[in-house]
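Single-structure report; data block below.
Nothing in this text is a laboratory measurement; each read-out follows from the coordinates by a stated rule. Bear in mind that the values here come from a model prediction, so they are computed numbers and not experimental data. Glycine gets a Cβ as well: all are built from the backbone with ideal geometry, and neighbour counts include every protein chain shown.
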Amino acid sequence: MKYKLSASILNANFLSLKKEIDSVLKYIDEIHLDIMDGHFVENLSYGFPVLKALKNQNYKKPLDTHLMISNPQKYWKSFCNQGSDILTFHYETTSHSYIILKKILEFGCQAGISLTPATPIEVINPIKNYLDRILIMTVEPGFGGQSLIPEMLKKIEKARKIVGNEVDIEVDGGIKPKLIKDLKKAGANVFVVGSYIFKADNKKENCNKLIKLIKN
């Protein structure tokens, strides 16, 4: 099982986004994009222009796109077309998860499903064979500055038992260095980190600290 660091650009300085990403690119495994629509979650973020601009930079790192939007069935193809390498949408936003996952895979992107804290992990059982990734939200999506919900550790453990070691289990929300050991033990292998990287005075130092904890 490969352990990965996915850097969330939501916390980067968008006036110098390329510089921000370039400063950490050699340390990270994926570039994480949080797409929020102001409907499924209360906040708004960014959309296709940012995704396309990042794809045009040819970063050689997967663009890990997390859709926190309603009606993903209307938009999945556009995100794949604009450059998403990994596309994850929320189980709670549609009754057609199986169909969307199947179409994403057929298009050639990696497919993922995300679950809010209150959604039981057992819902993935009927669709587990169509998943490259499960994104377990360890806080309520769409709100910054939250602490990780401890009960999500058990949820991660259950997810790993359901899917085995062939599917990535990604965690997002309140991820701090002191929590990584427990998250790894529970079964997580992809860690989304934003402010700890992009708000740091020394990004290299913080990235190296995360890498040591995640990959050793």
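The number of residues in segment 51-80 being in contact (Cβ under 8 Å) with a residue 12 or more places away in the chain and either in a loop (DSSP other than H, G, I, E, B) or surrounded by 17 or more Cβ atoms within 10 Å (Cβ to Cβ) (or both) comes to 19.
Across segment 61-112, the qualifying residues are those that are of a type in the set (Asp, Glu) and out of contact with any Pro (no Cβ under 6 Å at 6 or more places or on another chain), and the one among them that is nearest to residue 39 (Cα to Cα) is 92. Among the residues making up segment 9-50, those that are surrounded by 14 or more Cβ atoms within 10 Å (Cβ to Cβ) and touching an Asp or Glu at 6+ places or on another chain (Cβ under 6 Å) are 10, 12, 30, 32, 45. Of the residues that make up segment 92-99, is at least one of a type in the set (Phe, Trp, Tyr) and under 17 Å from the mean Cα position of the chain (by Cα)? Within segment 92-99, none of the residues are of a type in the set (Phe, Trp, Tyr) and under 17 Å from the mean Cα position of the chain (by Cα). When residue 150 is tested against the conditions (1) over 17 Å from the mean Cα position of the chain (by Cα); (2) in a helix (DSSP H, G or I), the lone failure is (2). Picking from residues in segment 1-33 that are of a type in the set (Gly, Ala, Ser) and not in a strand (DSSP E or B), the one that is nearest to residue 68 (Cα to Cα) is 12.
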